[in-house]
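The values are calculated or read from the model by the stated rules, or taken from the named source; none is laboratory data. Please read all numbers here as calculations on a predicted model, not as lab measurements. Reconstructed Cβ throughout: ideal geometry from the backbone, glycine too, with neighbour counts over all protein chains shown. Just the protein is used for accessible areas: all its heavy atoms, side chains included, with ligands, DNA and RNA removed. Shrake-Rupley method; radii C 1.70, N 1.55, O 1.52, S 1.80 Å.
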Amino acid sequence: MPTKTKFELKFGMATREAFGKALVELGRENPDVVVCDADLTKSTYTSLFGKEFADRFFECGIAEANMVSIGAGLASSGKIPFVSSFSCFVMNKGFEQLRVNVAYPGTNVKIVGTHSGISIGEDGPSQMSIEDISLACSLPGFTVICPADEVATFALVRAAAELHGPVFVRAGRMKAPILYQPGQSFAIGKAIELTEGADVTIIATGLMVSESIRAQEVLDGEGVGVRVIDMHTIKPLDRDAIARAAKETGAIVVAEEHLVDGGLGVRVAQVVAETNPCLMEFVGIANTYAESGAPEQLLDKYGLVARDVIAAVRRVLARKN
């Protein structure tokens, strides 16, 4: 059901930190959960798991390709491995191994990429992952998850552990606004409708969900009914939610901290074309790499804040009307 309460959007922990804490909980509950990292344990927060479960923690060094293969071997031995590094490194450096050792045989490996998107900030473009959603979705059999806040991360990391098969979880570096109350139910492949609206739908993922809520609040004051959907699972998509939004609102804006070529927007557009064609606009990174800078400045410069979502909504409504 749509959430009726007012969103305060206070900042909580980064989704990478929530991932690290969720791992510890899983480790306490299931002795088959093991973790691999690539010399980034403090940044990915897998150090929390390693401190408590040293015998189930494997430091693989600066070698993501090897790490992925080790994870696949552990999965083939009956373990539930979480392999983690920056998204840019684990997806780009480990892609061949993800394809051959994880996707092709369907091994039960959970890949968690942290520091995703351009909100990694000062580390610069060599460490910004703006292609990871596209790469992960291109792998047959993969489930792809991008939680919006700490509550979603805790729940979806747990759901990933329970799902048999390859999963990619996309986490971020900067603190994320809290959207959900503890106890919120999440199901892989089932989007969450956060607000109702009959004029336009915003489908967002990750950090862009909170920016979409900010946009909705402004537009609501102007009399525009905006439906906001958190598409936390990018593969498999909630086709029913998309088709219903297209039919009932006739206009969709997709917002993501990723290249618009090959990301969530492309996948949503495919569903729209196959079900209920409607007008669409896209908010994301347009055919460019960012530079080093403060996360907030980069998000502002590259069009990933509420102002840009509002502009996209106005464009699509102008076309609709």
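Which of (1) under 18 Å from L98 (Cβ atoms); (2) open to solvent by 10 Å² or more (accessible area, probe 1.4 Å) is the odd one out, the single condition I192 does not satisfy?
All conditions are met except number (1).
Just to confirm my filter: which helices (runs of 4 or more DSSP H) fall fully inside region 26-118 and include at least 3 residues that are open to solvent by 20 Å² or more (accessible area, probe 1.4 Å)? It would help to see each step written out before you state the result.
Values: elements: 41-44, 47-52, 64-76, 87-92.
Once the helices (runs of 4 or more DSSP H) in region 26-118 are filtered for at least 3 residues that are open to solvent by 20 Å² or more (accessible area, probe 1.4 Å), what remains is 41-44, 47-52, 64-76.
Taking region 205-221, which residues are surrounded by fewer than 24 Cβ atoms within 10 Å (Cβ to Cβ) and under 14 Å from Y180 (Cα atoms)?
To start, the set of residues in region 205-221 that are surrounded by fewer than 24 Cβ atoms within 10 Å (Cβ to Cβ) comprises 210, 214, 217-221.
Across region 205-221, the qualifying residue is only S210.
Pairs needed: first member in region 259-279, modelled with pLDDT of 95 or more; second member anywhere, assigned to a helix (DSSP H, G or I) and open to solvent by 50 Å² or more (accessible area, probe 1.4 Å); C-beta distance under 6 Å; at least 6 residues apart or different chains.
V271/R239; N276/K247; L279/R319; L279/K320
For region 156-179, how many residues are in contact with a Pro (Cβ under 6 Å, 6 or more places away or on another chain) and open to solvent by 10 Å² or more (accessible area, probe 1.4 Å)? Full working, then the answer.
Going residue by residue through region 156-179, those that are in contact with a Pro (Cβ under 6 Å, 6 or more places away or on another chain) are 156, 174.
With the extra rule that they be open to solvent by 10 Å² or more (accessible area, probe 1.4 Å), the set shrinks to 174.
Looking only at that region, the number is 1.
Find the residue count for region 195-210, including only residues that are under 23 Å from A243 (Cα atoms) and not in a strand (DSSP E or B). Show your work before the answer.
Of region 195-210, the ones under 23 Å from A243 (Cα atoms) are 195-206, 208-210.
Checking the rest, the ones that are also not in a strand (DSSP E or B) come to 196-199, 205-206, 208-210.
The total comes to 9.
Just the residues that are under 20 Å from the mean Cα position of the chain (by Cα) and surrounded by fewer than 20 Cβ atoms within 10 Å (Cβ to Cβ), please, taken from region 272-286.
Matches in region 272-286: A286 only.
Out of region 3-25, which residues are surrounded by fewer than 21 Cβ atoms within 10 Å (Cβ to Cβ) and farther than 23 Å from S210 by Cα?
Answer for region 3-25, where residues must be surrounded by fewer than 21 Cβ atoms within 10 Å (Cβ to Cβ) and farther than 23 Å from S210 by Cα: V24, E25.
Which numbered condition trips up P182, out of (1) at pLDDT 95 or above; (2) in a loop (DSSP other than H, G, I, E, B); (3) of a type outside the set (A, V, I, L, M, F, W, C)?
P182 satisfies every listed condition except (1).
Among the residues of region 243-301, which ones are among the aromatic types (F, W, Y) and within 20 Å of R319 (Cα to Cα)?
Filtering region 243-301 for residues among the aromatic types (F, W, Y) gives 282, 289.
Scanning region 243-301 gives a single hit, F282.
So, G250, is that one open to solvent by 10 Å² or more (accessible area, probe 1.4 Å) and more than 27 Å from D132 (Cα to Cα) or not? Before the answer, list the steps.
Numbers: open to solvent by 10 Å² or more (accessible area, probe 1.4 Å): yes; more than 27 Å from D132 (Cα to Cα): yes.
Yes; evaluated as a whole, the condition is true for this residue.
Pull out all pairs, ordered by first then second residue, where Cβ-Cβ is under 6 Å, the residues are six or more apart or on different chains, the first lies in region 181-199 and is over 14 Å from I252 (Cβ atoms), and the second is hydroxyl-bearing (S, T, Y) and open to solvent by less than 80 Å² (accessible area, probe 1.4 Å).
Qualifying pairs under 6 Å: I188/T233; G189/T233; L194/T3.
Scan region 87-111 and report the pairs whose first residue is in contact (Cβ under 8 Å) with a residue 60 or more places away in the chain and over 16 Å from R170 (Cα atoms) and whose second residue is assigned to a helix (DSSP H, G or I) and open to solvent by less than 50 Å² (accessible area, probe 1.4 Å), with Cβ atoms within less than 7 Å and a gap of 6+ or a chain change.
V102/V68; V102/A72
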